[in-house]
Amino acid sequence: MAGQERIEIADNTAESRYEARIGGTLAGVAQYLRAPGVVAVTHTEVEPAYEGRGVGSALSRHILESVQEAGEKVAPVCPFFADYIRRHPDYRPLVHNREDQ
């Protein structure tokens, strides 16, 4: 079996979603809404043919790293995204709280 498949992620701002591609094929998306300083991740979806390959986790990690680099916060509306943060507590400081306003 070959090594880990390369998952390429890009921010499609026109569609308000991050897109994950494997070999140029759309494997999953994470939809978001933006407000000043906050990215609300509203829905994560992985194509059935790509489930179990780490696509959702790669999307979550990419979003969190991008938000961190930009000095922003996230609002984890999507249950998958919220669970990813629970499982990776190093990202918890990036979660937006109403008290931050």
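The values are calculated or read from the model by the stated rules, or taken from the named source; none is laboratory data. Quick caveat: nothing in here was measured; it's all calculated off a predicted structure. Cβ sites come from the backbone with ideal geometry, for glycine too, and all protein chains shown count toward neighbours. Quick note on the areas: whole protein, heavy atoms, side chains included, nothing else; ligands and nucleic acids left out. Shrake-Rupley method; radii C 1.70, N 1.55, O 1.52, S 1.80 Å.
Summary table
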quantity: Positions within the stretch 24-41 being within 17 Å of Pro76 (Cα to Cα) and of a type in the set (Ser, Thr, Tyr), in sequence order; calculated: Tyr32
quantity: Selection count, the stretch 77-101, where residues are under 14 Å from the mean Cα position of the chain (by Cα), open to solvent by 40 Å² or more (accessible area, probe 1.4 Å) and of a type outside the set (D, E, K, R); calculated: 4
quantity: Test: residue in the stretch 35-47 that is aliphatic (A, V, I, L, M), touching a Lys or Arg at 6+ places or on another chain (Cβ under 9 Å) and assigned to a helix (DSSP H, G or I); calculated: no
quantity: Qualifying residue in the stretch 23-30 (condition: of a type in the set (S, T, N, Q) and part of a helix (DSSP H, G or I)); calculated: no
quantity: Scan of the stretch 1-22 for residues that are more than 15 Å from Ala58 (Cα to Cα) and open to solvent by 60 Å² or more (accessible area, probe 1.4 Å), ordered by number; calculated: Met1, Ala2, Gly3, Thr13, Ala14, Glu15
quantity: The lone exception for Gly52 - which of (1) in contact with a His (Cβ under 6 Å, 6 or more places away or on another chain); (2) assigned to a loop (DSSP other than H, G, I, E, B); (3) of a type outside the set (Ser, Thr, Tyr) it fails; calculated: (1)
quantity: Matching option when the condition is open to solvent by 30 Å² or more (accessible area, probe 1.4 Å) and free of Cβ contacts under 8 Å to residues at least 12 places away in the same chain, among Glu65, Glu47; calculated: Glu65
